[in-house]
Amino acid sequence: VQLVESGGGSVQAGGSLRLFCTVSGRAASDVDMGWFRQAPGREREIVSGISRDGGSIYSAEIVKGRFTISRDNAKNTVYLQMNSLKPEDTAVYYCAANTGMSDIRFARVDYWGQGTRVTVSS
């Protein structure tokens, strides 16, 4: 399974960005998908996860009401819509996938993308 992220960039506080993660090597409908982020000097943390059929979603408290995860299995793509961005959202955002037992909180990650950088200025 290969994961390729895109859509990162620089934005001012209060702005929006949409991240994309394209899955190849396996049908997207076979994998749980998620987004993590890692800020400088901090550990990688989960942002949001979505089940294979899109029916179950997990979002971290710090992004609830601002970030929305979604997927289009026909396009083998998962999205992260980020609104009302804050400077503390600045991080490298990673796409993640699990192929085993479903776990949208991602206690385990089978595959990682290479990351896309998001910078939010005040």
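Within segment 1-24, being of a type in the set (S, T, N, Q) and either within 15 Å of the chain's Cα centre (by Cα) or open to solvent by 60 Å² or more (accessible area, probe 1.4 Å) (or both) holds for Gln2, Ser6, Ser10, Gln12, Ser16, Thr22. Cβ-Cβ contacts under 8 Å between residues 6 or more apart (or on different chains), taken from a first residue in segment 2-19 that is over 26 Å from Asp32 (Cβ atoms) to a second residue that is among the charged types (D, E, K, R) and modelled with pLDDT of 95 or more, are listed as Gly9/Arg117; Ala13/Lys86.
Being among the aliphatic types (A, V, I, L, M), open to solvent by 10 Å² or more (accessible area, probe 1.4 Å) and either in contact with a Leu (Cβ under 6 Å, 6 or more places away or on another chain) or farther than 16 Å from Gln2 by Cα (or both) is not true of Val118.
Considering every residue within segment 57-66, establish whether at least one is more than 14 Å from the chain's Cα centre (by Cα) and of a type outside the set (A, V, I, L, M). Yes: segment 57-66 contains one or more residues that are more than 14 Å from the chain's Cα centre (by Cα) and of a type outside the set (A, V, I, L, M).
Looking for something within 20 Å of Glu43 (Cα to Cα) and among the basic types (Lys, Arg) - is there at least one such residue anywhere in segment 82-100? Yes, segment 82-100 contains a residue that is within 20 Å of Glu43 (Cα to Cα) and among the basic types (Lys, Arg). If we keep just the residues of segment 25-44 that are under 15 Å from Gln114 (Cα atoms) and in contact with a Lys or Arg (Cβ under 8 Å, 6 or more places away or on another chain), which is surrounded by the most Cβ atoms within 10 Å (Cβ to Cβ)? Per the criteria, the residue is Met33.
For (1) open to solvent by less than 10 Å² (accessible area, probe 1.4 Å); (2) of a type outside the set (A, V, I, L, M, F, W, C); (3) within 23 Å of Gln12 (Cβ to Cβ), each residue gets a yes or a no:
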| position | (1), (2), (3) |
| --- | --- |
| Gly49 | yes, yes, no |
| Lys64 | no, yes, yes |
| Asp72 | no, yes, no |
| Thr77 | no, yes, no |
| Met82 | yes, no, yes |
| Leu85 | yes, no, yes |
| Ile104 | no, no, no |
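The values are calculated or read from the model by the stated rules, or taken from the named source; none is laboratory data. For clarity, every value in this text was computed on a predicted model and none was experimentally measured. Cβ sites come from the backbone with ideal geometry, for glycine too, and all protein chains shown count toward neighbours. What goes into the accessible areas is simple: the full protein's heavy atoms, side chains included, and nothing from ligands, DNA or RNA. Shrake-Rupley method; radii C 1.70, N 1.55, O 1.52, S 1.80 Å.
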